[in-house]
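Remarks on the structure that follows.
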Amino acid sequence: MAETIKTMKAIRQDDIVIAFMGPTGAGKSYLIDLLSGQRGRRAGDTLKSCTAQIQATRVRHPRYKDRIVLVDTPGFDDTTKSDMEILALISEWLQKTYQRDIKLCGLVYLHRITDNRMAGSPLKNLRMFGNLCGDVAMNRVILLSTMWPKIKPEVGIAREAELRNRFWAPLIERGSSIARLQDSNSAREAWNIIEALIKAQDDREAVLLQEELVDLEKNLNETQAGKTLYTSLQKLLDGQRESLKKLLEQVEDSRDPSLARELKKEYQRMERDFQKTFDEVKKLKIPLGKRILDFLFGKRARAPFGSQSTSGPM
């Protein structure tokens, strides 16, 4: 039996709260449906995001009764919201729960093993996840690969090895564990994966973003996650600027009136995207004076992600 939690007040301090994060299409909603005995209720085969808000589901468990709360989050490549809006959603939820003395029992980060390379959206999601959690909470993280039935076993094993030895290495070094969802129809396998987090429910830590927002009273743009997003958006802005420049040259050089009109429409669409990215970068930018004061006198979080030496590419 499962119940959608409609208000924050419905989550109790003794609840076992587990959050699911990762790129759109990695299977977060599907896995929660599987755990709650509602396979396929929300998630389908489409890669379009089916989670535009934070969604918490209370699930009954033979041993833990109604204390299990599974939290579905949108990815930082959501099809309906910008990365800035997603970070604001997640930060608000984490802040409010922490203020009520509710800490996550654990986090499950999902990754499609069918992805043949770690670039773009998956890498951006992983970086955001690392800087949202921080070092202290890393031992409460499970790095879960999904979509195993859709790939040859030997290919999946090779990709998992690359993830473990390269991209996931900084998280594993800090205590994260790895797992596979090999049978995407098995609720028993899904429960076995998160059982380790449930058993260690008394060993909870605030994630870095909660500590920064509540304990250190930082603004969102001053957090590690906010700074990471700012850097990512700056790179996106540079790419959009270059694309606009090239497209404008095509418009000016075109001698075909019909083609010129289509190119102009595309230019206007890209210009709107550029302006949206520019506005978000502006919101996240920290004034120079504030950065200097924080460097000299600001309070420090216990362990931002990457505060220990690592050879990983994060």
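Bear in mind these aren't lab numbers, they're just calculated from the coordinates by the rules spelled out. Keep in mind that this is a model prediction, so the values were computed, not measured. We place every Cβ from the backbone using ideal geometry, glycine too, and count neighbours over all the protein chains shown.
Multiply the residue gap between residue 273 and residue 251 by 0.36 nm, knock off their C-alpha separation, and tell me the result in nm, one decimal place. Walk me through the numbers before you get to the answer.
On the way: separation 22, 0.36 × 22 = 7.92 nm, distance 1.82 nm.
Roughly 6.1 nm would be gained on extension.
Could you calculate the contour length gain from residue 183 to residue 196, that is, 0.36 nm times the residue separation minus the distance between their Cα atoms, to one decimal place in nm? Mind dumping the intermediate values first?
Values: separation 13, 0.36 × 13 = 4.68 nm, distance 1.85 nm.
Additional length available on full extension: 2.8 nm.
Would you mind checking 81/124; 6/199; 9/96; 81/283 for any pair whose Cα atoms are more than 18 angstrom apart?
On the way: 81/124 15 Å; 6/199 26 Å; 9/96 10 Å; 81/283 16 Å.
Over 18 Å apart, Cα to Cα: 6/199.
Please build a GNM for the chain, connecting alpha carbons under 10 Å apart, and tell me which residue among 205, 222, 242 fluctuates the most.
Highest fluctuation among the options: 242.
Restricting to Cα atoms and excluding each atom paired with itself, what does the Kirkwood estimate give for the range 220-297 in Å?
Numbers: mean 1/r = 0.0690 Å⁻¹.
Final number for the Kirkwood radius of the range 220-297 is 14.5 Å.
Once the Cβ-Cβ distance between residue 204 and residue 166 is put in as r, and R0 is 25 Å, what FRET efficiency do you end up with, to the nearest 0.05?
Values: r = 29 Å, r/R0 = 1.17.
Computed FRET efficiency for residue 204 and residue 166 comes out at 0.30.
Just tell me which lysines come within less than 18 Å, Cα to Cα, of residue 265; anything on the same chain fewer than 8 places away is out.
Within reach: 245, 246, 276.
Can you put 65, 276, 96 in order of Cβ neighbours within 10 angstrom, beginning with the fewest?
The most exposed by this proxy come first: 65, 276, 96.
Quick one: order 33, 115 by neighbouring beta-carbon count within 10 Å, fewest to most. Can you show the working numbers first?
Numbers: 33 23, 115 19.
Final ranking by Cβ density, sparse to dense: 115, 33.
Step by step: find N for the chain, compute 2.2 N^0.38 Å, then divide the Cα radius of gyration by it. What's the final number? Write down the numbers at each step before the final one.
On the way: Rg = 21.0 Å, N = 314, 2.2 N^0.38 = 19.6 Å.
Normalised Cα radius of gyration, the chain: 1.07.
Give, in nm to one decimal, the length gained when the segment between residue 241 and residue 285 is fully stretched (0.36 nm per residue of separation minus the Cα-Cα distance).
Full extension of this stretch gives 14.0 nm more.
Using a Förster distance of 41 Å, how high is the FRET efficiency between residue 39 and residue 265, based on the Cβ-Cβ distance and rounded to 0.05?
Numbers: r = 43 Å, r/R0 = 1.04.
In this case the efficiency is close to 0.45.
Quick one: work out the % antiparallel among DSSP beta bridges in the chain, nearest 5. Walk me through the numbers before you get to the answer.
On the way: 10 of 29 bridges.
The antiparallel fraction comes to roughly 35 percent.
Order these by the 10 Å Cβ neighbour count, fewest first: 63, 140. Present the calculation step by step, with values, prior to reporting the outcome.
Working: 63 8, 140 26.
Ordered from fewest to most neighbouring Cβ atoms within 10 Å, 63, 140 come out as 63, 140.
Compute for the range 53-197: radius of gyration divided by Kirkwood radius, i.e. Rg/Rh, restricted to C-alpha atoms, rounded to two decimals. Spell out each step's value before the answer.
Values: Rg = 15.7 Å, Rh = 16.5 Å.
Ratio of gyration radius to Kirkwood radius for the range 53-197: 0.95.
With charges set only on the Cβ (+1 for Lys and Arg, -1 for Asp and Glu), what does the dipole of the range 220-297 come to about its Cα centre, in debye to the nearest 20?
Working: 17 positive and 14 negative charges, 53 e Å.
My answer is approximately 260 debye.
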